[in-house]
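Readers should treat all values here as calculations from the given coordinates under stated rules, not as data from a laboratory. All figures in this text were calculated on a predicted structure; none of them were measured in a lab. Because the Cβ atoms are built from the backbone with ideal geometry, glycine has one as well, and the counts that use them run over all protein chains shown.
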Amino acid sequence: SFEILGNRLWIDIALSNIIKNALKYSNNEMVNISLEHTPKFSVIKIQDFGPGISKSDLDKIFTAFYRGENSKNKKGHGIGLALTKDIVKIHKGSIALETKTDKGTVVILKFSS
């Protein structure tokens, strides 16, 4: 079974933030969500097929109130990813991004099993 030990509400908020961002930036394309469970880790990957995140934005994307270059015409306040990172950290997890310009972004959440 797939389990993440922790505060359900906080985990829901973190996942919701990432999924909402993926949908917001997907340019009406499909968003893929995959789950993987090993004896040591539970991994959630959320992939969009939007514009990707520029290298100049990548270093700042988890900073509170920071909004990337591609967010100018999108609603938001720049707190979602900062909050998500804090929630993941509290749950002794990790968050990573893989992004390619005009190909999309994959957010990888990894939690100890």
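Before moving on, here are some points about what is shown:
- Between Lys55 and Leu35, the simple spin-label model (points 7 angstrom out along Cα→Cβ) gives 3.7 nm.
- Degrees separating the helix 80-90 axis from the principal Cα axis of the chain, which is the longest one: 20 degrees
- The label-point distance for Trp10 and Lys110, in a model that sets each label 7 Å from Cα toward Cβ, rounds to 2.0 nm.
- Remark on Ile53: its backbone amide H falls under 5 Å from those of Lys100, a criterion applied only to residues 5 or more positions apart or on other chains, H modelled at 1.01 Å from N.
- When each of Lys55/Lys92; Lys40/Lys60; Lys20/Lys103; Lys24/Lys89; Lys40/Lys100; Lys60/Lys89 is checked by Cα-Cα distance, pairs over 22 Å: Lys55/Lys92; Lys40/Lys60; Lys24/Lys89; Lys40/Lys100
- Cβ-defined net charge surrounding Ser112, 12 Å radius [Lys, Arg +1; Asp, Glu -1]: +2
- Largest to smallest principal axis extent of the C-alpha atoms in the chain, angstrom: 39, 26, 22
- Per-residue 3J(HN,Hα) values for the stretch 18-30, derived from phi via the Karplus relation 6.51 cos²θ - 1.76 cosθ + 1.60 with θ = phi - 60°, read 5, 5, 4, 4, 4, 5, 4, 9, 7, 6, 6, 9, 5 Hz in sequence order (x marks Gly and Pro).
- Cβ-derived FRET efficiency at R0 22 Å, Asp86 paired with Phe2, nearest 0.05: 0.45
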